[in-house]
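Notes follow once the structure below has been shown.
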């Protein structure tokens, strides 16, 4: 789905919400609520009023890595974006050209055998493209301990629409957990960024439950708008049971972020039941595939050509997404990871009979 819509440059959120106002979850973050083509304007602090007892929020616990590292290719300075660690120990990486302003521009990867010198005397060697039809991400062999390299020499990935580098803490959500193996996300699962401990407590006191899952996001270049590559995920058994119980009890399952949708929908069977699952997912949620376990979505605002819009269309329908995004531009909502958020809920249908077998 591509929207016939232009997002003005001034609607890019250039700094974190706490630098625009009193905090992550207060008046500095707006909440656009859509039920079908009906749109309401709220503040994120009003989220508890949009949910009800029995609803379940699915949240991603993946931490954000300091995944951008300076390097040298030949005589050229480059920036390496570490995307995903493969089962064979190789890393999927994207090389970028620094622009002199602290941000980067895309560049072609490869060729095979090319070597990039990294800080601390380490290096990476290109092997092969991650996908035959795209030369942007390449599998590379890296000398040494990559998580240690990132902790020592890395910084958060930053694109040109942001004002300046921010501390890694600005890219962590309240749900992020450390992983002993150093795994994490190349780019922040940003839909959860406005949540604070106080907001979580308010929601729990209202009877809203939380189901943690993990999906370690790879690099989704801001320029390419490609569908996501394979990513490592886990839906624990306890979370699967919470999701199934919420659905059976009439609660709404609302994914916090497209990553949470991808993980849960990768763990749902043809019967609509979610089961414990872990491994790699290459699932791309489209209107044709539909959704089977998710009723709603809390997400940021995506570029009009972004592949994530197919997922939104699968959940809400094309007309609803188009109407909501037109309203977002008209209402001067802010885009990108430090911006405002969009809550998609099912249309209210009094006395409707819930059909478990048809979720699309």
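Read-outs throughout are calculated quantities, based only on the coordinates presented, and are distinct from any laboratory measurement. Nothing here was measured: the structure is a model prediction, and the numbers come from that model. Ideal geometry is used to build each Cβ from the backbone, glycine not excepted, and the neighbour counts take in all protein chains shown.
Worth a mention:
- Working note: Cα gyration tensor of the chain, eigenvalues times five, square-rooted, sorted largest first, giving semi-axes of 34, 22, 19 Å.
- Ranked by the mean number of other Cβ atoms within 10 Å of their residues, highest first, the peptides 147-153, 197-203, 300-306, 56-62 fall in the order 56-62, 300-306, 147-153, 197-203.
- Relative to its residue count, region 133-290 spans a Cα convex hull of 162 Å³ per residue.
- Relative counts (whole %) of C-alpha pair distances in region 255-323, using bins that are 10 Å wide: 20, 56, 21, 3
- Value of relative contact order over region 68-154, rounded to a whole percent, pairs C-alpha under 8 Å and six or more apart: 26 percent
- Share, in percent, of DSSP beta bridges within the chain that are antiparallel, nearest 5: 75 percent
- Normalised by the number of residues in the chain, the mean separation of alpha-carbon contacts (under 8 Å, six or more apart) gives a relative contact order of 24 percent.
- Semi-axes of the equivalent ellipsoid for region 1-104, computed as √(5λ) from the eigenvalues of its C-alpha gyration tensor and ordered from largest down, come to 36, 20, 16 Å.
- Annotation: region 11-167 has a Kirkwood hydrodynamic radius of 18.4 angstrom, from the mean reciprocal C-alpha pair distance.
- Spread of Cα-to-Cα distances over 5 Å intervals beginning at zero, given as percent, for region 211-328: 2, 11, 22, 24, 20, 12, 7, 2, 0
- On Cα atoms only, tilt of 318-330 relative to the major axis of the chain in degrees: 70 degrees
- Solvent-free Debye scattering, log10 I(q)/I(0), computed from the Cα coordinates of region 54-126 at q = 0.18, 0.23, 0.27, 0.28 Å⁻¹: -0.76, -1.13, -1.42, -1.48
- Across the alpha-carbon set of region 29-79, the Rg to Rh ratio works out to 1.33, Rh being the Kirkwood radius.
- Cut-off 19 Å (backbone N to label point 7 Å along Cα→Cβ of residue 288), residues of region 131-151: 133
- A convex hull fitted to the Cα coordinates of region 133-189 yields 142 cubic angstrom per residue.
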